[in-house]
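Okay, so here's the structure we're looking at.
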Amino acid sequence: MQKCTACNLPETYETIEFDENGVCNICRQKEFKDEKIDWQRRAEMLSRVIEKHRGKYEYDCILPFSGGKDSTYTLWYLVKHYKIRPLVVQFNHGFMRDTLMENNRRTFKKLGVDVISFTPNWKLVKRLMLETLVRKGDFCWHCHTGIFAYPMHIALKYQVPLIFWGEPSSEYTAYYNYEDDEIEQVDETRFNRFINLGITAEDMYSMIKDDYQCDPRELTPYTYPKLRDLKKLKYQSVCLGSYIPWDVKENTKIIQQELGWRGDQVEGMPWDEYSYEKIECSMQGMRDYIKYLKRGYSRVSQMTALDLRNGRIAKEYADKLIADYEGRKPPSLTLFLEYLGISEDQFNHIVAKTVVPPFKPDFEGMEYAPKTDDFDRWYREDEQDRGIIFKNPV
Amino acid sequence: MIGILNIGLGNVQSVYNAVYENGYDPIFVSKPEELEQLTHFIMPGVGNFSAVMHSLEQLKLVPAIQALIARGVPTLGICLGMQLLATSGEEGGLCKGFDAIAAKVKAIPNSNNLRVPHVGWNEVKFTQEHPVFADIKDTRDFYFVHSYHMECLSGDNIIATTDYGSDLVCVAGNKNVIGVQFHPEKSQKNGMQLLENFCEWDGEFHA
């Protein structure tokens, strides 16, 4: 596989393109971000956005919050620097881990904020996971659509037009581009472009209704609200990282110092090196594993790519981390299969159909990654709840 | 109240829908007295310059629209609606327009072997800033369908041009009046932004 000569990302990476020097467009975006964007002007824009909305509604903004490093930093930054009054909205996808929940409690108390937490129907979540795994080789539809759509419903319910997200997508992909010098809008266009895998909630209902007892209203948290309603609210849904230069490592240091935020072990990752990334989901190892099977790289490559772009590690060291850690099975595979009620063979068969060439996965040749400290505390279903309750068992 | 002129010529529903989706509650207007309550006025247009002006005269809408423009109500002309804002038009025989913009409407010159009507997406290049184009970048594509174009007598009224063999004026404005030759209601994201900007516009513009 061709890889970026600067950051190592392979040709199977979403939206990647290489220039004549073999350097990828995402590295070029980073150069543009550092050298060409007028961050002083962006900071002034941020102040204007905040002052435009301050004090006019029950809350100054809606702040979607997972408790990971990005949303925690966003919350800290806006409360600390702008004394903003947010309504924190948490979409609990069903896999939040102990350390994360402790982080959340501490953060909310230290910052003194109001919080709404929403947890969707677990049985439906399992059915949604299976459907998108089969169709797209990506079981996270329920989480990603819920995280991005549900806070918009809350914005409408509370009539709060400003919605603040954290990291802009240009940090990782080129669906949006720093070079375009646009403020990325976290709107339905973006939602349809790379969040919902081309499956709307209405599509999803049609896909599952014949075999799964489901009321269409159960899909509401996954629908994007009507454009007219959002426009009527004069909504503005933006990323803090569009206004201030985003630096994950620096941001993490700050929330560790200021909020006592703690990292965690994530399956398949070098724990000492990257303890701060994607700690919010106990199925992260599975997501990374599927990514590896489909595309021949996992999160290790993404993290070392970020560090290489920032000149923080040597190429040899990045290569070593990738060689040592990628392509290993997460212990959570067992739990994942139990939740969905499928065998590993069935799982491999499903994923094999979604592999992105030229990568060819070796399903048989992979060893297990070590268990995380909290692995034994992750949710386990008893015999009667395992798998999905179909109308007519298949 | 945002009013959309509807005198039964052409499909104005797409303009209505685009304004509605932007969160506003527009109304269709077709009688002189209905123009009195408007805060914003949109004049969409499909058809023939002189025929439409004739219809407007019969409906006694010409003085009502002139009065509305004179009151400073933000007014947007789309396609033929833009052309009607000019001093005169040649389509269907020389005919007077609203003279809100000092300009003549003429047939697109057929000198460059380009097809007329000009149909499709084309770049809009700004020659000056205008509040109705806030947050819309230069050289973005909009959707065009037209055989005639506006020739402004003063560059002060030209807001943007598009290249179709030569630079054709595609956005023209004067005080509280703005005309766009393309169809914002069919131009997706940028068109939606334009209509939203117009609905928020206070009518102030100085070249």
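Worth pointing out:
- Qualifying trypsin sites (Lys or Arg not before Pro) in the range A:263-328, DSSP loop, other Cβ atoms within 10 Å at most 16: A:R312
- The helix-based estimate of mean residue ellipticity at 222 nm for the protein assembly as shown, built from -39,500 (n - 2.57) per DSSP H run of four or more residues and divided by its residue count, is -10500 deg cm²/dmol to the nearest 500.
- Each Lys and Arg contributes +1 and each Asp and Glu -1, all at the Cβ; summed about the Cα centre of chain A, the dipole is approximately 1340 debye.
- Relative contact order for the range A:297-394, counting Cα pairs under 8 Å that sit 6 or more residues apart, in percent: 33 percent
- A simple charge model with +1 on the Cβ of Lys and Arg, -1 on the Cβ of Asp and Glu and nothing else charged puts the dipole of the range B:2-200 at about 340 debye relative to its Cα centre.
- Taking the convex hull of Cα positions in the range A:337-386, its mean projected area over all directions (nm²): 4.9 nm²
- Among A:R97, A:R28, A:R105, the residue with the largest mean-square fluctuation in a Gaussian network model of chain A, with springs joining Cα atoms closer than 10 Å, is A:R105.
- Chain A: relative contact order as a whole-number percent, Cα under 8 Å and 6+ apart: 21 percent
- In units of the compact-protein estimate 2.2 N^0.38 Å, the protein assembly as shown shows a Cα radius of gyration of 1.13.
- When each of A:K231/B:K137; A:K329/A:K360; B:K125/B:K175; A:K249/A:K315; A:K249/A:K291 is checked by Cα-Cα distance, pairs over 25 Å: none
- Look at the dipole of chain A built from charges on Cβ: of A:Y339, A:I50, A:L259, the Cα furthest out on the positive end belongs to A:I50.
- Toward the positive end of the charge dipole of the range B:2-200, with +1 on the Cβ of Lys and Arg and -1 on the Cβ of Asp and Glu, the farthest Cα among B:I7, B:I159, B:A51 is that of B:A51.
- Protein accessible surface hidden between A and B, which excludes ligands and nucleic acids, total in Å², probe 1.4 Å: 1000 Å²
- Taking the Cα centre of the range A:307-350 as reference, the dipole from Cβ charges on Lys and Arg (+1) and Asp and Glu (-1) amounts to some 260 debye.
- Taking the chain by itself as reference, the range A:193-242 contains these residues with an accessible-area loss of 20 Å² or more in the full protein complex (1.4 Å probe, heavy atoms): A:L227, A:R228, A:K231, A:K232, A:K234.
- Cα gyration tensor shape for the range A:39-242, rounded if a/c is under 1.5, else prolate or oblate: prolate
- Phi-derived couplings, Karplus 6.51 cos²θ - 1.76 cosθ + 1.60 at θ = phi - 60°, listed residue by residue for the range B:170-178: 10, 9, 9, x, 7, 6, 8, 10, 9 Hz, with x used for Gly and Pro.
- Remark: the range A:264-377 projects, on average over all directions, an area of 7.5 nm² (convex hull of Cα atoms).
- Computed over chain B, the Cα gyration tensor eigenvalues convert (square root of 5λ each) into semi-axes of 23, 20, 16 Å, ordered from largest to smallest.
- Loop-located trypsin sites (Lys or Arg not before Pro) in the range A:357-390 (DSSP state other than H, G, I, E, B) with a sparse environment of at most 12 neighbouring Cβ atoms within 10 Å: A:R380.
- Relative contact order %, the range B:2-200, counting alpha carbon pairs below 8 Å whose residues are six or more apart: 20 percent
- Furthest towards positive pole of dipole, A:L227, A:V134, A:T173, structure part the protein assembly as shown, Cβ charges: A:L227
- The range A:63-77-the range B:13-51 distance, computed between alpha-carbon centres (Å): 44 Å
- For the range A:151-242, trypsin sites (Lys or Arg not before Pro) meeting the loop criterion (DSSP other than H, G, I, E, B) and having at most 15 other Cβ atoms within 10 Å: A:K209, A:K226, A:K234.
- Computed over protein heavy atoms with a 1.4 Å probe, the accessible surface of chain A works out to 43 Å² per residue.
- Among A:M269, A:M45, the order of accessible area from largest down is A:M45, A:M269, computed with a 1.4 Å probe on protein heavy atoms.
The values are calculated or read from the model by the stated rules, or taken from the named source; none is laboratory data. From a predicted model like this one, the values you see are computed outputs, not experimental measurements. As a convention, Cβ positions derive from the backbone with ideal geometry for all residues, glycine included, and neighbour counts pool all protein chains shown. All accessible areas refer to the heavy atoms of the entire protein, side chains included, with ligands and DNA or RNA removed. Shrake-Rupley method; radii C 1.70, N 1.55, O 1.52, S 1.80 Å.
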